[in-house]
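These notes concern the structure reproduced below.
The values are calculated or read from the model by the stated rules, or taken from the named source; none is laboratory data. Just so it is clear, the model here is predicted, and its values are computed rather than measured. We place every Cβ from the backbone using ideal geometry, glycine too, and count neighbours over all the protein chains shown. For accessibility, only protein heavy atoms count, side chains too; no ligands or nucleic acids. Shrake-Rupley method; radii C 1.70, N 1.55, O 1.52, S 1.80 Å.
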Amino acid sequence: QVQVVESGGGSVQAGGSLRLSCAASGSMFSINAMGWYRQALGKQRELVAVIISGGSTNYADSVKGRFTISRDSAKNTVYLQMNSLKPEDTAVYYCHWVVKWVNYWGQGTQVTVSS
C-alpha cells in the first residue's frame, strides 16, 4: 500500500508562482510514474505534468514553459513549480503515483489564481 500526501497550493495573483509537493510512502518498489493532474470546476480532470520511470517528462501544452515537474528520489517526493500563473490555472491539483501499475491519488489541493 502507498500513501500520498500533498502540500502547497493556495491563492495567488496572476503572474505569481506556487510550488506543490507530494510525498509518497509505503511499499515504493517499482515506481512506474509520478505526476500532477488538475480539475477545474465543471471540467474533467486533466494531466498537467508527469515523470515516467527513466526520467522522461511530459507536459500539457497549456503549461509548457511555465510549469516544471521534478522529483527527489531519495525522499519519494515529486514537485510542481508553477510560474507565470494565469486565472485559467485555477483548479484542484491532484498528485498521482503509479506503483507496480496501481494508481494512487493525493487528496487534492486548491490553487486559485486571481486576475
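All of TRP105, TRP97 fail the test of being surrounded by 18 or more Cβ atoms within 10 Å (Cβ to Cβ) and not small (Gly, Ala, Ser), apart from TRP97. For the stretch 68-115, the candidate set comprises residues that are without any contact (Cβ under 8 Å) to a residue 24 or more places away in the chain and under 10 Å from the mean Cα position of the chain (by Cα); within that set, the residue that is farthest from LEU47 (Cα to Cα) is SER70. Residues that are of a type outside the set (Val, Ile, Thr) and assigned to a loop (DSSP other than H, G, I, E, B): does the stretch 68-75 have at least one? No: the stretch 68-75 contains no residue that is of a type outside the set (Val, Ile, Thr) and assigned to a loop (DSSP other than H, G, I, E, B).
Across the stretch 1-12, the qualifying residues are those that are assigned to a strand (DSSP E or B) and touching a Leu at 6+ places or on another chain (Cβ under 8 Å), and the one among them that is farthest from SER53 (Cα to Cα) is VAL12. Residues that are touching a Lys or Arg at 6+ places or on another chain (Cβ under 6 Å) and either outside any strand (DSSP E or B) or not small (Gly, Ala, Ser) (or both) were ranked within the stretch 80-107; the one that is farthest from GLN1 (Cα to Cα) is SER84. Of the residues making up the stretch 52-78, those that are surrounded by 18 or more Cβ atoms within 10 Å (Cβ to Cβ) and under 22 Å from GLY26 (Cβ atoms) are ILE69, ASN76, THR77, VAL78. Would a scan of the stretch 36-45 turn up a residue that is of a type in the set (Ser, Thr, Tyr), at pLDDT 95 or above and open to solvent by 30 Å² or more (accessible area, probe 1.4 Å)? Checking the stretch 36-45: at least one residue is of a type in the set (Ser, Thr, Tyr), at pLDDT 95 or above and open to solvent by 30 Å² or more (accessible area, probe 1.4 Å). Mind checking whether some residue in the stretch 19-35 is open to solvent by 50 Å² or more (accessible area, probe 1.4 Å), at negative phi, touching a residue at least 60 places away in the same chain (Cβ under 8 Å) and not in a loop (DSSP other than H, G, I, E, B)? Yes.
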